[in-house]
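The values are calculated or read from the model by the stated rules, or taken from the named source; none is laboratory data. No experiment lies behind these values; they were computed from the predicted model shown. Cβ: placed from backbone, ideal geometry, glycine included. Neighbour counts: every protein chain shown. For accessibility, only protein heavy atoms count, side chains too; no ligands or nucleic acids. Shrake-Rupley method; radii C 1.70, N 1.55, O 1.52, S 1.80 Å.
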Amino acid sequence: MVVGEFTTEVDVLVIGAGPGGYVAAIRAAQLGKTVAVVEKAELGGVCLNVGCIPSKAMIHAAHTYEHTQHTESMGITMENVKVDFAKVQEWKSGIVKQLTGGVGSLFKGNKIQVIPGEALFVSENEVRVFHGYDVNRYRFQHCIIATGSRPIELPAFPFGKRVMSSTEALSLTELPKSLVVIGGGYIGIELGTVFAKFGTKVTILEGSDQILPGFEPDMPRLVERKLKKLDVTIHTKALAQGMEETENGVIVTAEVKGEQQKIEAEYVLVTVGRRPNTDELGIRDIGMNVTDRGLIVVDKQGRTSIPNVYAIGDIVAGPALAHKASYEGKVAAEAIAGHSAEVDYKAIPAVVFCDPEIASVGINEKEAKEKGIDYIVGRFPFAANGRALSVNAGEGYVKLIAEKETNLVLGAQIVGPEASNIIAEIGLAIEMGATLEDIELTIHAHPTLGEVTMEAAELALGRPIHVMK
Ligand SMILES: Cc1cc2nc3c(=O)[nH]c(=O)nc-3n(C[C@H](O)[C@H](O)[C@H](O)COP(=O)(O)OP(=O)(O)OC[C@H]3O[C@@H](n4cnc5c(N)ncnc54)[C@H](O)[C@@H]3O)c2cc1C
């Protein structure tokens with residue numbers, strides 16, 4: 001031990017204050033534990049500081065700006081609408097500050113100690129925390145690791161002046177004139193849409209044969225149509241190979257459907273995935289079981305191969321999403337407190353805040369086929385919904401999938417206005433074991449976008465009101 005190192009004892013030590021860690025800490029405190037949280041950067045993690053929240057603020061600002069340019073059909077003409085991008089950033093940063101401050105207040109209210117610094121395991125029940133020149137030790141009965149993930153860097157596109165990860169892209173203070181986005185997953189599409197709406201010339205390079213791989217092909221098709229209207233160039237089956245910096249930007253070389261292309265742009269944004277922050281924690285040294293991809297192996301309560309240490313969020317298997325991290329955080333805290341909680345992943349919603357929004361929960365048709373499930377489907381269009389037309393957003397559909405014999409709701413895919421909110425009803429339906437009749441017989445307020453879910457259930461049951469069978 002270094003002279004001057006102090007050891008503090010806590011019931012539960014949480015490492016990382018993202019949506020996994022801070023939620024786990026609050027639940028553990030609610031359950032009567034003394035809790036301390038180690039955080040090397042800002043409270044709120046990626047989600048609040050450089051992920052979900054700032055990106056959604058930017059998306060909303062960009063949507064608002066774009067909408068002002070398309071109101072003539074409603075009889076509204078706007079002139080001289082301008083973007084002050086630095087102000088947009090200021091507004092976004094204000095929201096981030098408010099929310100991260102909120103986490104601080106919740107910690108205070110729940111008597112959770114915040115330990116600034118970087119944690120490193122020294123044994124199965126002790127970490128050292130490095131903060132500047134200070135090093136302190138914390139001994140715990142239980143620990144929850146929630147250290148999240150960071151952007152993957154491509155060797156041919158090292159992050160720097162002209163090559164950005166989502167973090168830098170979200171804090172640009174000037175709008176780029178042109179941008180190449182490498183990776184057409186949800187982060188690339190969301191940020192690409194933001195910049196395109198603000199007037200940047202965007203080119204997207206996606207390796208697979210559709211953007212937003214993982215979603216049923218019908219869904220990204222509508223998004224692609226909108227991106228093309230925004231003058232975005234989309235290259236699928238495209239492999240970014242290298243780049244050359246010029247005085248004012250970069251020239252990216254890519255192989256697109258087998259042919260070489262050169263694309264000039266002011267910046268490159270690399271969004272090809274994220275890697276778990278498990279390499280600098282010392283967990284391998286204490287014998288923790290970690291996969292080749294750096295994911296910590298856990299059981300259904302989040303317990304690692306070291307029984308008093310738990311892991312949650314982006315560092316364990318499953319989709320890297322904030323709501324999954326928080327859910328796992330609550331389960332782990334409850335397990336530590338002796339409750340019989342365990343994870344059940346059958347209804348994790350996935351949402352992309354593109355235009356139109358897309359969302360899914362449960363299984364889709366492909367997965368139903370793979371599982372040999374005999375299923376029925378109801379796909380109802382927003383074009384037949386009064387509310388959708390009255391908010392000028394009649395594109396897309398709600399698709400429900402249910403077991404044929406029992407009508408048990410198994411999943412849903414939504415493309416269209418407020419897909420991000422509408423999906424919640426179907427998540428609950430799956431969780432509650434609801435059938436199509438339950439959704440059909442639930443009185444949905446009129447006129448609302450949510451009615452489309454009810455109509456999709458009726459359609460699946462063969463008795464739709466507002467479309468012909
Ligand atoms: C641009 C972008 C947009 C996104 N949008 C969405 C969205 O709309 N919806 C959604 O669900 N998800 C979204 N995500 C993903 C979401 O942000 C992550 O899934 C979520 O933040 C993971 O939570 P976590 O608690 O596992 O880790 P994180 O939020 O990554 O937090 C981990 C924390 O641990 C700290 N830490 C790491 N190592 C140490 C250490 N050794 N000692 C102390 N502290 C440490 C880090 O500083 C960090 O604060 C987005 C991500 C990005 C990048």
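Charge tally around Arg139: other residues with Cβ under 9 Å, Lys/Arg +1 each, Asp/Glu -1 each, net -1.
Computed on region 349-461, with alpha-carbon pairs under 8 angstrom and 6+ residues apart, the relative contact order is 31 percent. Every Cα-Cα pair in region 349-461 was counted, and those over 25 Å apart are 14% of them.
A simple count of charges around Gly148, restricted to other residues whose Cβ falls under 9 Å of its Cβ and scoring Lys, Arg +1 and Asp, Glu -1, yields +1. Taking the alpha-carbon centroid of each part, what is the distance from region 368-443 to region 150-190 in angstrom? Between the Cα centre of region 368-443 and that of region 150-190, the gap is 34 Å. The portion of the accessible surface of region 163-272 made up by carbon and sulfur, rounded to a whole percent, is 47 (1.4 Å probe; DNA, RNA and ligands excluded).
Within the straight-line cut-off of under 19 Å between alpha carbons, the aspartates and glutamates reachable from Lys366 are Asp209, Glu216, Asp218, Asp374, Glu403, Glu405, sequence neighbours fewer than 8 places apart in one chain being disregarded. Averaging the Cα positions of each part gives two centres, and for region 327-366 and region 216-247 these lie 29 Å apart.
Under a model in which nothing but the beta-carbon of Lys, Arg (+1) and Asp, Glu (-1) is charged, region 349-461 shows a dipole of about 220 debye around its Cα centre. Within straight-line reach of Lys201, meaning a Cα separation under 13 Å, sit the following aspartates and glutamates at least 8 residues removed in sequence or on another chain: Asp231, Glu264, Glu266.
For Lys366, project a label point 7 Å along Cα to C-beta. Then give me every residue of region 210-250 with its amide nitrogen under 14 Å of that point. The answer is 210-221, whose backbone nitrogens lie closer than 14 Å to the label point.
Going by a ≥ b ≥ c, the root eigenvalues of the Cα gyration tensor, does the chain fall in the rounded group (a/c under 1.5), the prolate group (a/b larger than b/c) or the oblate group? In terms of gyration-tensor shape, oblate. Using the average count of surrounding beta-carbon atoms within 10 Å as a protection proxy, the listed peptides 234-243, 62-71 rank, highest first, as 234-243, 62-71. Extending 7 Å from the Cα toward the beta-carbon at both Glu437 and Val297 defines two label points whose distance is 4.6 nm. With the charge dipole of the chain set up from +1 on Lys and Arg Cβ and -1 on Asp and Glu Cβ about the Cα centre, the Cα lying farthest toward the positive end among the listed residues Ala335, Thr233, Gly427 is that of Ala335. In region 50-129, Cα pairs under 8 Å separated by at least six residues give a relative contact order of 23 percent.
Accessible area per residue for the chain is 47 Å², calculated with a 1.4 Å probe on protein heavy atoms, without ligands, DNA or RNA.
Our helix-only sum for the chain, with -39,500 (n - 2.57) per DSSP H run of n ≥ 4 divided by its residues, gives a mean residue ellipticity at 222 nm of -9000 deg cm²/dmol.
Only protein heavy atoms count here; on that basis, with a 1.4 Å probe, Thr304 has an accessible area of about 10 Å². Ranking Ile263, Phe198, Val181 by how far each Cα lies toward the positive end of the dipole of region 155-275 (charges on Cβ) leaves Phe198 at the top.
Shape annotation for region 82-177: C-alpha extents along the principal axes are 55, 40, 25 Å, from largest to smallest. In the neighborhood of Ser178, defined by Cβ-to-Cβ distances under 12 Å, what is the net charge if each Lys or Arg adds +1 and each Asp or Glu adds -1? Residues near Ser178 contribute 0 overall.
Look at the Cα gyration tensor of region 163-272: its axes a ≥ b ≥ c give a/c of at least 1.5 with a/b at or below b/c, and that counts as oblate. Computed from the alpha carbon atoms alone, the convex hull of region 122-192 holds 180 Å³ per residue.
Note on region 293-417: the alpha carbon radius of gyration divided by the globular reference 2.2 N^0.38 Å gives 1.34. Mean sequence separation of contacting Cα pairs (under 8 Å, at least six apart), scaled by the length of the chain, corresponds to a relative contact order of 14 percent. Treating r as the C-beta distance of Gln261 and Lys56 and R0 as 35 Å, the FRET efficiency rounds to 0.60.
Here the chain is assigned +1 on the Cβ of each Lys and Arg and -1 on the Cβ of each Asp and Glu. Its dipole about the Cα centre then comes out at about 340 debye.
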